[in-house]
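Have a look at the structure below, then the notes.
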Amino acid sequence: MSVITLTSDYGLVDHRVASVKGKILSWSEEVKAVDITHDITPYNLLQTAYIVRNAYKFFPEGSIHIICVDSFYSKARKNIITKIDGHYFISADNGIINLMFFDIKPEALYEITLNNRFDDKVVFPATEIFVPSAMHLYKGGLPEVIGRKIKTIKEVSFPRAIYNEAEKMIIGEVMYIDNFGNVVSNIGRKFFEKHASISKNFTVKFRNIVLSKISDQYTDVVTDWSREQEFHGKSSVIFNDVDLLEITIYKGNLTNGASSLFGLSTGEKIFIEFE
């Protein structure tokens with residue numbers, strides 16, 4: 001039996017998340033509906049892509065992922081089912097799929113045709129379109145029954161790190177700031193190692209900060225555990241659990257983490273210069 005996950009920019013104050021869960025349960029009380037997050041910054045597709053991409057793979061193959069971010073209904077915009085890596089993703093055709101899976105080709109794409117019966121009367125597509133589509137798949141239904149195959153979906157370019165040969169420099173940017181204030185870049189471990197194999201000496205630069213070491217773990221900054229508290233607030237650079245270069249403050253948070261202390265926000269440049 002598959003799992004249904006929920007991701008939205010609804011927050012938890014309003015009725016919307018409860019409405020979606022209630023709609024699912026009204027179809028079947030046996031459904032395993034799991035929240036990924038409902039704290040997405042409104043309409044923030046890049047943040048959504050980072051979170052869902054790094055969460056979905058831990059769910060069983062065949063899981064159904066409902067993504068309600070920038071999902072207001074418009075007759076001019078499709079709602080889609082995408083099958084990728086053995087999972088189904090239900091969302092508006094707003095570019096989120098290309099942002100999440102810039103490096104993976106979809107197995108199948110479908111435009112959901114359920115909304116054709118509503119015309120412009122859809123107010124809340126999460127309960128009126130997404131949940132019925134998810135439940136159809138959950139019960140073993142074929143996507144062809146509720147949708148038609150399509151070949152293309154909206155493309156939104158994913159910010160990719162580049163290597164400047166003349167300057168011997170990787171140029172990346174901040175793509176995500178997590179709940180601890182850690183600053184996650186789009187510089188991947190493999191991309192870094194490809195160029196680090198040519199020159200072992202490098203410096204990581206952002207704003208007016210220069211660091212010459214990439215740590216293996218967050219705790220590498222602690223050199224004496226009997227005085228561990230003295231190392232709170234110490235900065236370092238690591239490759240995080242999804243192998244992206246991350247600037248971090250040991251035991252920091254959103255108010256005293258790397259993003260606030262260094263004044264970094266999404267889109268700002270991060271450089272790795274090789275000697």
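What follows draws every value from the coordinates through simple rules; no lab data is involved. Keep in mind that this is a model prediction, so the values were computed, not measured. As a convention, Cβ positions derive from the backbone with ideal geometry for all residues, glycine included, and neighbour counts pool all protein chains shown.
For GLY188, neighbours were defined as the other residues whose beta-carbon sits under 14 Å from its Cβ, and their charges (Lys and Arg +1, Asp and Glu -1) total -1.
Below 8 Å between Cα atoms, with a sequence gap of 6+, how large is the relative contact order for the chain in percent?
Details: 529 pairs, mean separation 42.7, N = 275.
Reported relative contact order: 16 percent.
Quick one: compute the contact order of the stretch 162-274, relative version, from alpha carbon pairs under 8 angstrom and 6+ residues apart, as a percent. Can you show the working numbers first?
On the way: 221 pairs, mean separation 45.3, N = 113.
In percent, rounded to a whole number, it is 40.
Here the Karplus curve 6.51 cos²θ - 1.76 cosθ + 1.60, taken at θ = phi - 60°, turns the phi angles of the stretch 266-275 into couplings of 4, x, 6, 7, 10, 10, 10, 9, 9, 7 Hz, with x standing for Gly and Pro.
Could you grab the relative contact order for the stretch 4-149? Cα pairs under 8 Å, six or more apart, rounded to a whole percent.
Values: 245 pairs, mean separation 35.8, N = 146.
Averaging sequence separation for qualifying contacts and normalising by length gives 25 percent for the stretch 4-149.
The value for the chain of Rg(Cα) / (2.2 N^0.38 Å) is 1.15. Cross-link partners for LYS139 among the aspartates and glutamates, with Cα-Cα distance under 13 Å and sequence neighbours closer than 8 places in the same chain left out: GLU29, GLU30. Summing Lys and Arg as +1 and Asp and Glu as -1 over all other residues whose Cβ lies under 14 Å from the Cβ of GLU29 gives a net charge of +3. Cross-link reach is defined here as a Cα-Cα straight distance under 15 Å, omitting same-chain residues fewer than 8 places apart; for LYS23 the aspartates and glutamates meeting it are ASP35, GLU128. Rounding to the nearest 10 and keeping the result within 0 to 90°, find how far the Cα-based axis of helix 16-27 lies from the longest principal axis of the chain. Here the helix axis deviates by roughly 50 degrees. Would you please classify the overall shape of the stretch 175-275 from the alpha carbon gyration tensor, given that a ≥ b ≥ c denote the square roots of the eigenvalues, rounded means a/c under 1.5, and beyond that prolate means a/b larger than b/c while oblate covers the rest? Oblate, because a/c is 1.5 or more while a/b does not exceed b/c.
Go through LYS21/LYS151; LYS32/LYS78; LYS200/LYS234 and tell me which ones have a Cα-Cα distance over 29 Å in this structure.
In this structure, LYS21/LYS151 lie more than 29 Å apart at Cα.
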